[in-house]
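K.L.:
Encoded as structure tokens, here's the structure I'll be asking about.
The values are calculated or read from the model by the stated rules, or taken from the named source; none is laboratory data. Bear in mind the structure is a predicted one, so any value in this text is a computation, not a measurement. Please note: Cβ atoms are built from the backbone with ideal geometry, for glycine as well, and neighbour counts cover all protein chains shown. Just so you know, the surface numbers come from the protein's heavy atoms only, side chains and all, with ligands and any DNA or RNA stripped out. Shrake-Rupley method; radii C 1.70, N 1.55, O 1.52, S 1.80 Å.
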Amino acid sequence: GSVVAARATGLTKTYGHGESAVHALRDVDLALLEGRFTAIMGPSGSGKSTLMHCLAGLDAATAGTVEVAGRELSGLDDTALTLFRREHIGFVFQAFNLLPMLTARQNILLPLELSGVKVDRDHFDEVTAMLGITDRLGHLPSELSGGQQQRVAIARALVAQPDVVFADEPTGNLDSDSSAEVLGHLRRSVKERGMTVVMVTHELEAAAYADDVVVIRDGRVDAHLIEPSQDQLV
Ligand code: ADP
Ligand code: ADP
């Protein structure tokens with residue numbers, strides 16, 4: 001069977017109290033598989049971001065549990081959660097979040113250097129080559145296209161060798177050519193490097209690159225479409 005990378009059980013998230021309470025997630029059970037590219041889709045306000053934030057340990061559940069890479073997150077305090085994220089989780093954002101005064105290479109390496117992790121040179125070369133940015137590493141973000149900037153941000157997430165990469169609308173700021181380029185590279189990092197990528201998107205064209213699609217509606221899982229040729233859920 002397949003290995004579960006992230007699992008939510010009875011996951012409930014409520015913002016506020018009483019009559020003004022917003023039920024962002026209602027009793028969600030979900031298992032996302034290792035080595036797969038999963039898209040989380042759904043209308044605006046359906047709970048996609050909340051689900052991603054809970055799975056990524058950025059936001060605490062109101063009820064239920066979240067397990068990532070075999071660890072239950074609800075038992076961790078803020079310090080432990082920060083360490084857990086640093087070690088196990090990578091993030092890619094819509095806005096790239098690159099530092100403008102640093103080159104692509106420095107942007108990729110800085111987070112690891114700050115956390116005292118030694119980067120394996122071969123691994124760095126492999127990841128940047130796979131993302132097609134080897135000849136862009138000495139450039140500042142302002143000298144790169146949007147698609148290239150996002151591939152630098154993906155490299156930054158991948159060099160740390162996380163168990164799961166969460167991508168929040170990674171193509172939201174890109175034209176369709178750059179989107180296709182970024183999605184193709186995300187897909188390749190899953191297929192060629194065995195990465196696990198979970199992407200929140202409202203674009204059907206983006207979800208078409210994924211193996212599996214989770215549809216969220218009104219705080220619930222409306223459908224979990226597993227690519228048929230793959231192993232079934234354990
Ligand atoms: P999506 O990502 O699908 O657009 P969200 O997860 O952002 O949906 O939001 C789900 C629901 O929770 C929405 O009704 C939204 O207004 C509400 N919500 C999200 N974040 C907060 C917050 N910090 N405080 C209060 N309500 C929130
Ligand atoms: P390459 O440039 O190496 O031919 P692409 O970057 O176009 O490949 O695509 C990378 C991966 O994404 C491939 O596995 C391909 O099958 C898949 N892919 C490409 N276009 C689409 C699409 N429109 N919908 C779904 N998957 C796609």
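K.L.:
Given the conditions (1) away from ligand 1 (no atom under 11 Å from the Cβ); (2) within 20 Å of D222 (Cβ to Cβ), and given that H23 satisfies all but one, which numbered condition is not satisfied?
P.N.:
Looking at each condition in turn, H23 falls short on (1).
K.L.:
Step by step: first the residues of the stretch 37-46, then only those that are over 10 Å from V214 (Cα atoms) and open to solvent by less than 10 Å² (accessible area, probe 1.4 Å), then the one that is farthest from ligand 1 (Cβ to nearest atom). Which residue is that? Full working, then the answer.
P.N.:
Narrowing the stretch 37-46 to residues over 10 Å from V214 (Cα atoms): 37, 43-46.
Keeping just the survivors that are open to solvent by less than 10 Å² (accessible area, probe 1.4 Å) gives 37, 46.
Values: F37: 19, S46: 4 Å.
Filtering first and then ranking leaves F37.
K.L.:
State all residues of the stretch 166-219 that are within 13 Å of ligand 2 (Cβ to nearest atom) and of a type in the set (S, T, Y); if no residue qualifies, say none.
P.N.:
Listed by number, the residues that qualify are T171, S176, S178, S179, S189, T201, Y209.
K.L.:
Can I ask one more? Here is a list of conditions, (1) over 17 Å from the mean Cα position of the chain (by Cα); (2) open to solvent by 10 Å² or more (accessible area, probe 1.4 Å), and H185 meets all of them except one; can you say which number that is?
P.N.:
Status for H185: all satisfied but (1).
K.L.:
Here is a list: L32, L81, L55. Which entry is open to solvent by less than 60 Å² (accessible area, probe 1.4 Å) and either more than 19 Å from the chain's Cα centre (by Cα) or within 16 Å of ligand 1 (Cβ to nearest atom) (or both)? It would help to see each step written out before you state the result.
P.N.:
On the way: L32 fails: either more than 19 Å from the chain's Cα centre (by Cα) or within 16 Å of ligand 1 (Cβ to nearest atom) (or both); L81 fails: either more than 19 Å from the chain's Cα centre (by Cα) or within 16 Å of ligand 1 (Cβ to nearest atom) (or both).
After ruling out the rest, the residue left standing is L55.
K.L.:
Cβ-Cβ below 9 Å, separation at least six or inter-chain, first residue in the stretch 174-197 and within 13 Å of D163 (Cα to Cα), second away from ligand 1 (no atom under 16 Å from the Cβ) and among the aromatic types (F, W, Y): which pairs?
P.N.:
S189/F37; V190/F37; M195/F37; T196/F37; V197/F37
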